[in-house]
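Novice: Below is one structure. I have some questions about it.
Nothing in this text is a laboratory measurement; each read-out follows from the coordinates by a stated rule. Predicted, not measured: the structure shown is a model, and the values here were computed from it. Here the Cβ positions follow ideal geometry from the backbone for every residue, glycine too, while neighbour counts run over all protein chains shown.
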Amino acid sequence: MNRSFISLSAFRRFHAVGAFWLMAALTPMGVGAAPDAQRYLPAEAVVKEALLASPGIQSARAQKEALNLRAQTLRTGTAEFTLRANLQQRRVPASQERLNEHTLSLERPVRLWGKSAVDGQLSDKTSALAEITFNDAMHEASRELMKLWFVHAQAALGFSQAQLQVNSATQIHQLAQARYKQGEIARMDLELSQAEVQRTQATLQMAQAERDKAATALTSRYPSLPLPAQSPKINPQDMGDFADSQAVLKQSFLEQNHELNMLRLEAERLQLWAERARLDRMPDPTLGVYSARDRNGAEQVTGLSLSMPLSGSVRRDHALATLADAQAAADKVRRLQHQLSAEFDQGWIAFHNQRIAAAQLQSAADTQQRAADKSRKAYALGEHSLFEMLMIARAAHEQQFAASRMQLDMLESLALLQLELHQIWDFDL
């Protein structure tokens with residue numbers, strides 16, 4: 001009587017099937033078919049509605065409006081008209097006269113030396129920054145929602161697998177009960193099968209708690225987003241490879257990345273601020289007109305006034321400091337570009353390795369399930385012990401759970417890649 005988990009012939013078949021699946025994984029799945037993660041995810045319209053209703057995006061919208069108003073302020077300038085009034089009384093000792101006099105003036109600083117043009121460019125950059133900041137907030141919220149959704153999907157998968165284990169253990173217990181009534185097994189085996197049912201039921205309770213916890217985390221952040229009834233069942237044909245090369249897609253990713261573009265734009269703004277500070281070393285004059293009424297109106301005076309600050313070392317130091325800030329921002333752009341480039345490569349490698357691993361694990365799960373089916377038949381014929389059958393069945397469930405979990409990990413890696421490439425959930429304005 002053969003009591004091994006998997007027979008020698010089954011072991012050889014496992015390696016043959018595993019080699020086939022490995023070659024299939026290394027060959028692009030679904031030749032000519034682009035990867036399709038969206039069909040397993042919530043619809044874009046539903047996701048966008050949930051994001052726009054979230055407090056974080058509402059705050060981002062308010063920040064966008066504030067930046068746009070600041071951009072308008074930069075264009076119009078901060079200079080204001082100043083109205084001055086001067087009242088005085090003149091005393092003439094010789095004649096004992098008291099003469100009332102007053103002066104009114106209206107003054108305003110004037111932007112010269114090309115400062116108005118630079119302020120207009122700063123206004124344009126600030127408006128662009130407002131747009132990209134809001135888009136980045138939407139993108140970051142989309143990534144957060146996606147990760148929460150996959151946490152719930154993983155928990156739902158664990159709950160489904162736990163239910164299957166309970167059903168399998170219950171069937172085995174019913175089979176043991178039938179054999180016990182016929183006097184074919186000892187009571188200890190019956191209790192062993194009952195203990196397996198109790199173990200799987202406890203596992204089911206823990207899995208349900210994890211699923212409910214993940215659902216609460218998702219619905220509390222995005223109440224309008226509907227929860228999936230169960231974890232998605234993934235079709236390997238939807239996991240085809242990208243049509244473009246890694247280098248082409250990485251370049252597209254770096255060109256569209258909000259964080260990098262924000263930093264680039266901020267570096268450009270700081271360069272303009274440095275130019276503005278350089279121009280500020282030449283102070284702006286203040287022009288005004290005034291009218292005076294002297295000697296009780298006997299004399300009327302009108303004229304123009306001009307005043308100008310005398311530039312000191314503060315303006316020079318401020319210009320040099322702003323130029324250093326601009327250089328630091330440019331260095332941050334290069335550093336972030338290298339960091340994001342490495343992160344894209346890591347995500348790319350993770351997805352393609354997970355494709356291979358998912359195929360291998362599914363092959364192993366199928367082989368293990370066949371072994372479990374044979375073990376159950378062997379137990380019914382009295383050729384396997386209950387303990388062996390339980391262990392083989394448990395291994396089959398664990399193997400299938402590992403395969404399904406790897407498929408879900410692969411889908412998450414694909415979805416995140418497509419999200420970063422703006423192929424799904426692209427809500428840019």
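Novice: Gap in Å between the Cα centre of region 194-255 and the Cα centre of region 326-370?
Specialist: After rounding, the separation between the Cα centres reads 17 Å.
Novice: Further question: Where is the GNM fluctuation largest for the chain (alpha-carbon springs, 10 angstrom cutoff): Thr200, Thr78, Thr322?
Specialist: Thr78
Novice: Residue by residue through region 304-312, what is 3J(HN,Hα) from phi via Karplus (6.51 cos²θ - 1.76 cosθ + 1.60, θ = phi - 60°)? Round to whole Hz and write x for glycine and proline.
Specialist: Residue by residue, region 304-312 yields 10, 10, 9, 9, 8, x, 9, 5, x Hz.
Novice: I would also like to ask the following. Of the options Ala85, Ala277, Phe427, report the single residue whose Cα projects farthest towards the positive end of the charge dipole of the chain (beta-carbon charges: Lys, Arg +1; Asp, Glu -1).
Specialist: Of the candidates, Ala85 comes out farthest on the positive side.
Novice: Taking a cut-off of 17 Å between Cα atoms, list the aspartates and glutamates near Lys181, but don't count ones fewer than 8 places away on the same chain.
Specialist: List returned: Asp189, Glu191.
Novice: Just want the answer: with Cβ charges of +1 for Lys and Arg and -1 for Asp and Glu, which residue in Tyr180, Ser168, Val314 is farthest toward the dipole's positive end in region 8-420?
Specialist: Final value for the positive-end residue is Val314.
Novice: Hey, another quick one. Counting other Cβ atoms within 10 Å, which GluC sites (Glu not before Pro) in region 72-104 have at most 13 and lie in a DSSP loop?
Specialist: In loop regions of region 72-104 (DSSP not H, G, I, E or B), the sparsely surrounded GluC sites (Glu not before Pro) are Glu80.
Novice: Taking the convex hull of the alpha carbon atoms in the chain, what volume per residue do you get, in Å³?
Specialist: On the way: hull volume 92.9 nm³, N = 429.
Residue-normalised Cα hull volume stands at 216 Å³.
Novice: Based solely on its DSSP helices, what 222 nm [θ] is calculated for the chain when runs of n ≥ 4 H residues each add -39,500 (n - 2.57) and the sum is averaged over all residues, nearest 500 deg cm²/dmol?
Specialist: About -24500 deg cm²/dmol.
Novice: Leaving out same-chain residues fewer than 8 places away, which lysines sit with a Cα under 17 Å from that of Lys250?
Specialist: Lys250 reaches no qualifying lysines.
Novice: Of the residues Leu304, Leu414, Leu51, which exhibits the maximal mean-square fluctuation in a Gaussian network model of the chain defined by a 10 Å Cα contact cut-off?
Specialist: Highest fluctuation of the listed residues: Leu304.
Novice: Straight-line reach only, C-alpha to C-alpha below 16 angstrom: list the aspartates and glutamates that Lys377 could link to, leaving out same-chain residues fewer than 8 apart.
Specialist: Result set, ordered by chain and number: Glu184, Glu388.
Novice: Which angle between 0 and 90 degrees, to the nearest 10, do you get for helix 55-76 versus the longest principal axis of the chain when only C-alpha atoms count?
Specialist: The helix 55-76 is inclined about 30 degrees to the chain.
Novice: Packing-wise, with mean Cβ within 10 Å as the measure, how do 68-76, 171-179, 291-299 rank, highest first?
Specialist: Order by mean packing, descending: 171-179, 68-76, 291-299.
Novice: While we're on this one: What angle, in degrees between 0 and 90 and rounded to the nearest 10, separates the Cα long axis of helix 8-26 from the longest principal axis of the Cα atoms of the chain?
Specialist: The helix 8-26 is inclined about 30 degrees to the chain.
Novice: How do the peptides 259-265, 388-394, 232-238 rank, highest first, by the average count of neighbouring beta carbon atoms within 10 Å per residue?
Specialist: So the order, starting with the most tightly packed, is 388-394, 259-265, 232-238.
Novice: Starting from the amide H of Leu99, placed 1.01 Å from N in the peptide plane, find each other amide H under 5 Å away whose residue is 5 or more places distant or on another chain.
Specialist: Arg90, Arg91, Val92
Novice: Highest mean first, what order results for 37-50, 155-168 on Cβ atoms within 10 Å?
Specialist: Descending mean neighbour count gives 155-168, 37-50.
Novice: Can you tell me the 0 to 90 degree angle between the C-alpha axis of helix 246-256 and the longest principal axis of the chain, rounded to 10?
Specialist: 40 degrees
Novice: Relative to the present Cα-Cα distance, how much length would full extension add between Val289 and Arg334 at 0.36 nm per residue of separation?
Specialist: Additional length available on full extension: 11.0 nm.
Novice: Tell me, what ³J(HN,Hα) does each residue in region 232-240 have, in order and in whole Hz, if you take phi through Karplus 6.51 cos²θ - 1.76 cosθ + 1.60 with θ = phi - 60° and put x for Gly and Pro?
Specialist: x, 8, 8, 8, x, 5, 7, 9, x
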